[in-house]
1. Cβ contacts < 7 Å: first residue at pLDDT 90 or above and surrounded by 14 or more Cβ atoms within 10 Å (Cβ to Cβ), restricted to the range 60-74; second residue part of a loop (DSSP other than H, G, I, E, B) and among the small types (G, A, S), any location; separation 6+ or different chain. Result?
2. So, in the range 127-147, how many residues would count as being modelled with pLDDT under 95, surrounded by 14 or more Cβ atoms within 10 Å (Cβ to Cβ) and under 19 Å from E239 (Cα atoms)?
3. Mind checking which residues of the range 171-204 are within 21 Å of E84 (Cα to Cα) and in contact (Cβ under 8 Å) with a residue 40 or more places away in the chain?
4. Give the residue, chosen from A155, A120, A165, that is at pLDDT below 90, small (G, A, S), out of contact with any Cys (no Cβ under 6 Å at 6 or more places or on another chain) and surrounded by 13 or more Cβ atoms within 10 Å (Cβ to Cβ).
5. For the range 195-241, give me each residue that is of a type in the set (A, V, I, L, M) and either part of a loop (DSSP other than H, G, I, E, B) or not assigned by TED's automatic domain parsing to the domain that holds S119 (or both).
6. So H224 fits all but one of (1) of a type outside the set (D, E, K, R); (2) surrounded by 20 or more Cβ atoms within 10 Å (Cβ to Cβ); (3) touching a residue at least 60 places away in the same chain (Cβ under 8 Å); what number is the exception?
Amino acid sequence: MKRILLLAFCLALLCACSGRDLTPSAAAETMRAVVLEKTGDTLLVEPCDDTGASLGADRYTVTPPQGSDAADVGDIVEIVHSGEVLLTYPAQFSKVESVKVVGHREKEQIANPMQTYESAEYPDFTVVNYPDDEDLSPDRFWLIAGKLAQLDYEAEGKEICFRIAKDDGSDISGVYEVFEEDALQEHTLADGTAVTVRWRATAAGPALAEWTRGGYAYSMYLPHSPMGMAGGLLPRFLETDVREN
């Protein structure tokens, strides 16, 4: 009897380890999207229909779980996800259950508004005096829609999204979070310039700081950090400036 039970246990363990169960959960939703860019295992995708746009974003980053199809640029994929969207840009799902390739679109037909750069020197302007040292340096440089610069950082394991664009009165943060706090603070830069910062935050995060200076708008967003951490980093970002090319 013991041998039978042991054999049954081993068979169950073998079945459990033989592969990932990709059967969608009861609450799962599906989005069809085209792959715009592939960086390592991460895909930048654009929704092909309103299943993605209705969730509040036009771009998503997706890391396919084990057992998913191998997708590449131009592939049309079906993404089974939790339905919960993290408020970043590009947006992310809190959980991705599977990614399946269902078609292909020619690469030249894809209009990708996010372009990567080697530095913060863009066609129309160059971002200068931004944080860049051993303790805090950008991981990646982007230009969105040809006019909005984005520098991605990580500090103490927390993401920072720093954006700069010509100030036309619009919100450049790309953040749609509902915040608990909304306040204005006055700061003085090293050269004596006074800057008014709008702070929006929740007790445990996220935190968003926005300001204008010299005809440009700035935003610093920490999606997973409290206002205290963001406040400690803010003075370094406030010194950032723009030089027009």
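1. P64/A71
2. The number of residues fulfilling the criteria is 1.
3. Selection gives S173, G174, V175, Y176, E177.
4. A155
5. A203, A204, listed by residue number.
6. It is condition (2) that H224 fails.
The values are calculated or read from the model by the stated rules, or taken from the named source; none is laboratory data. All values reported here derive from a predicted model rather than from experimental measurement. Backbone-built Cβ (ideal geometry, glycine too); neighbour counts: all protein chains shown.
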